[in-house]
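These notes are about the structure you will find just below.
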Amino acid sequence: MLQTLFDALSLGSLYALGALGIALIFGVMRLVNFAHGDVIAFCVFALLWPSTDAMAIVFAGQLPWYLLVPFVLLCGAGLSVLCEIVVFRRFRNANPATMMIASFALGFVIRYFLLMLYSSRPKSISLLPALSQPIEIFGARLPLLQLITIVATMAILIGLTLFLRQTRFGLEMRAAAENFSMARMLGVRANRVIMGAFALSGALAGAIALIFGSQTGTVDIQMGASIMLMAFIATVIGGLGSLGGAVLAGFLLGAASVVMQVALPVDARPFRDAFVYGAVILVLLFRPQGLIAARGTKERV
Amino acid sequence: MSAVSSATETSLTGEVIAAKKQARFALARKTIVTPILLSLLLIAITLITVMTGSRPFNQTVIDVLVRVIFVVGLYIFIGNSGVLSFGHIGFTCLGAYAAAWLTINPIMKSSALPGLPDWLLQTRLIYWQAAILAALFAGVAALIFGKVLMRLSGIAASIATFAVLAMINTIYSNWDSVTGGTSSVVGIPIIRTIWPYLIGAVAAIFIAWAHAISRSGLALRAARDEPTAAAASGVDIPKERLVAFVVSGAVMGLGGALMAHSIGVVTPDTFYLSLTFITLSMLVVGGMGSLSGGVIGVVLLSALIQALRWMEGGVSLGDATFALPKGIQEIALGVIMIVILALRPSGLMGNREITLTRSNRNT
């Protein structure tokens with residue numbers, strides 16, 4: 001029971017962090033960023049030395065954790081901001097479909113860039129091996145990593161909330177998410193806010209990369225995509241542009257996956273994802289605007 | 001008195017009907033140039049291919065024609081409704097597997113896919129009959145899913161179609177006795193002549209055109225551009241969307257069946273994210289709101305991919321051989337797509353169609 005709860009929470013944490021990264025960018029520039037998954041993959045690969053050998057040559061991954069974590073977060077933030085400056089800045093006024101396809105094309109470029117440097121074979125690495133030992137809490141044996149995942153996610157969420165509520169930059173960002181042109185007229189600098197959103201979202205991608213990389217112990221070009229898909233769905237169920245909604249929906253999706261894995265009859269278990277997606281459609285039918293509808297997303301006539 | 005007025009009324013309604021009919025024919029005459037020109041383009045490409053007689057080139061052009069069917073199928077729904085759909089490749093998957101079920105040799109079928117019902121195990125159809133049935137099957141599936149999905153709009157609808165794609169993929173990847181699971185289903189008769197694919201692509205183009213000038217298509221495009229005004233003028237938006245969804249689902253199913261016959265194997269993952277994105281990119285690069293844009297997007301991007309592959313293989317200029325390193329092909333493709341979209345955010349064609357007369361806007 002406790003095991004299930006922790007499984008649900010740790011899977012939900014990943015989805016929630018991913019959804020938050022997408023929602024942050026969507027909030028300020030109405031862009032559904034498909035390249036986010038590839039930023040995650042990039043962050044993991046940044047730990048390795050470029051080589052096409054099957055053996056992973058660990059490079060930055062050998063750093064002690066207090067250097068490793070900032071390094072990965074910076075990698076994510078840096079790449080994300082770079083994407084903004086080089087690509088997305090040119091699409092500020094494009095329609096959402098065009099931006100979506102552009103972000104997909106960008107993700108494609110990042111993915112094949114990694115493929116060229118590292119080859120497509122999955123590689124195994126042991127990131128922070130000390131964390132995989134189990135510990136005992138309330139009679140349940142849990143991997144320490146799971147606990148740290150949950151605690152770290154909570155810390156990130158609280159930190160981000162404080163940042164958005166208490167600082168001037170956070171205020172500007174929330175204003176921009178609500179009504180971008182109005183915020184600009186009141187003196188919010190568009191470029192700064194958007195770059196800030198991209199940096200935050202990239203850092204979140206770095207966090208996911210660290211957690212996911214140490215959970216699975218493998219590095220794979222495709223690894224971003226699976227999380228991305230769920231995170232993307234979570235963003236919409238939560239209400240596009242609503243950060244709280246994204247986090248809530250991320251945890252709900254994680255919980256739904258884990259609970260169905262336990263509760264479904266054995267024959268139906270391989271079809272678990274189909275049930276999860278069916279539930280997604282149901283939620284959308286009853287609340288097309290998302291669980292927590294963001295203000296200002298509905299167009300006025 | 002009353003008899004007179006009713007008589008004039010009947011003659012009036014008769015006149016109105018006649019006028020409407022004439023308007024419909026005028027519209028058809030005015031717009032038919034576009035599908036004819038597009039078909040001519042495809043026929044020209046096919047003829048050149050047949051004349052060169054090269055096998056690999058033949059296969060490449062078959063791929064292009066199949067993708068034309070996909071992108072035209074996408075256009076029927078996305079272009080006319082303005083709702084981005086990620087789910088259509090799911091219907092392609094349904095069509096491809098339906099074609100496989102109907103055409104594989106019964107002896108192979110009963111050992112590879114024992115879960116199929118008896119009547120289906122005994123059936124063996126010719127490929128074009130199977131393709132038509134596959135299209136109908138995909139259309140029915142689209143009707144069922146569409147009934148539910150078309151109540152949504154905007155980004156919620158896009159995500160719901162995404163969920164449909166993922167659902168179909170999960171089911172087909174795991175229902176081992178009927179779909180062979182993630183391992184590939186082999187033994188589908190391979191059709192190597194190019195003509196059936198050409199006929200399929202041209203048929204898709206004309207279906208798209210006929211839908212676009214039909215009452216339902218016109219109403220749907222009105223709803224795309226001005227949803228509030230269209231709804232106020234009595235357009236039932238969910239219904240018109242459903243019509244387009246079913247038609248485009250059937251076209252995607254046809255494309256799936258033909259794709260199955262062009263490669264001879266099907267796996268669920270052939271019909272998943274990468275095919276979804278490549279076809280969507282072709283549509284958006286060409287111009288989302290235009291049939292010509294879709295077809296031109298396919299032809300251009302396919303030509304580009306082929307040229308890059310060729311350069312990757314090595315080009316000899318004089319004595320030296322230049323070859324691009326592996327992976328450059330995809331990177332270059334991505335970069336070129338971004339550049340095109342940055343320069344022309346609404347695609348190469350925008351909302352326009354190719355016609356003989358200039359500045360004929362497709363509204």
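We did not get these values from a lab; they are worked out from the coordinates using the rules stated. Treat the numbers as computed from the prediction; the structure is a model and nothing was measured. Note: ideal-geometry Cβ built from the backbone for every residue, glycine included; neighbour counts use all protein chains shown.
Counting only other residues whose beta carbon sits under 12 Å from that of A:Phe169, what net charge do I get with K and R as +1, D and E as -1?
Net charge in that neighbourhood comes out at +4.
Considering the Cα positions of chain A, please state its Rg to one decimal place and its Dmax as a whole number of Å.
Considering chain A through its Cα atoms, Rg and Dmax are 19.2, 59 Å.
Along Cα→Cβ, 7 Å out, is where each label goes; now give me the distance between the ones at B:Ile263 and A:Leu82 in nm to one decimal.
Distance between label points: 3.2 nm.
To test your reading of the geometry: what angle, between 0 and 90 degrees and rounded to tens, separates the Cα axis of helix B:154-174 from the longest principal axis of chain B?
With both axes taken from Cα atoms, the answer is about 40 degrees.
Between A:Arg269 and A:Thr4, what is the label-point separation in nm under the 7 Å Cα-to-beta-carbon projection?
According to this spin-label approximation, the distance is 1.3 nm.
Compute the signed sum of charges (Lys and Arg +1, Asp and Glu -1) over the other residues within less than 12 Å, Cβ to Cβ, of B:Val246.
It works out to a net charge of +2.
Quick check: the angle from helix B:55-74's long axis to the longest principal axis of chain B, C-alpha only, nearest 10 degrees?
30 degrees
Where does the Debye-calculated log10 I(q)/I(0) of the stretch A:163-301 sit at q = 0.17 Å⁻¹, using only Cα point scatterers of equal weight, no solvent?
So the normalised log intensities work out to -1.08.
For the stretch A:203-301, which trypsin sites (Lys or Arg not before Pro) are in a loop by DSSP, counting at most 14 other Cβ atoms within 10 Å?
Filter output for the stretch A:203-301: A:Arg295, A:Lys298, A:Arg300.
With everything on Cα atoms, drop me the angle between helix B:291-313 and the longest principal axis of chain B, reported from 0 to 90° to the nearest 10.
Long axis of B:291-313 versus the principal axis of chain B: about 10 degrees.
Mind checking which lysines have their C-alpha under 22 Å from B:Lys21, skipping anything on the same chain fewer than 8 residues away?
Qualifying lysines at Cα under 22 Å: B:Lys30.
Under 25 °C and 0.890 mPa s, how fast does the protein assembly as shown diffuse according to Stokes-Einstein, given a Kirkwood radius computed over C-alpha pairs? Answer in µm²/s, whole number.
Roughly 92 µm²/s, to the nearest whole number.
Past the 18 angstrom mark, what percentage of all C-alpha to C-alpha distances in the stretch B:174-217 do you count?
60 percent
With an 8 Å cut-off on Cα pairs and a minimum separation of 6 or more residues, tell me the relative contact order of the stretch B:146-273 in percent.
After rounding, I find 41 percent.
For chain A, list the DSSP H helices whose alpha carbon atoms reach 20 Å or more along the long axis and whose average Kyte-Doolittle value is -1.0 or above?
Qualifying helices: A:2-29, A:65-86, A:96-118, A:144-166, A:190-216, A:223-238, A:243-263, A:272-286.
Can you tell me the equivalent ellipsoid semi-axes for the stretch B:13-117? Use √(5λ) from the Cα gyration tensor, largest first, whole Å.
37, 25, 15
What does the net charge come to around A:Val219 if you take all other residues with beta carbon closer than 10 Å to its beta carbon, with K and R at +1 and D and E at -1?
Value of the local net charge: +1.
Using modelled backbone amide H atoms (1.01 Å from N, in-plane), which distant-in-sequence or interchain residues come within less than 5 Å of A:Leu48's amide H?
Result for A:Leu48 returns A:Phe59, A:Ala60.
Determine, for B:Thr92, B:Thr193, A:Thr153, the number of other Cβ atoms within 10 Å of each Cβ, and report the residues in order from fewest to most.
In order of increasing Cβ crowding within 10 Å: B:Thr193, A:Thr153, B:Thr92.
Show me the ranking of peptides B:244-257, B:278-291 by mean Cβ neighbours inside 10 Å, starting with the highest.
Highest mean packing first, the order is B:244-257, B:278-291.
In Å, what is the Rg of the alpha-carbon atoms in the stretch B:100-223, and how long is Dmax?
17.9, 52
Determine one quarter of the surface area of the Cα convex hull of the stretch B:31-343, which equals its mean projected area, and express it in nm² to one decimal.
17.9 nm²
What list do you get for A:Val44, A:Val193, A:Val86 if you sort them by fewest beta carbons within 10 Å?
A:Val86, A:Val193, A:Val44
Amide H neighbours of B:Ile354 under 5 Å, at least 5 residues apart or on other chains, H built in the peptide plane: list them.
Amide H neighbours of B:Ile354, under 5 Å, 5+ apart: B:Ser292.
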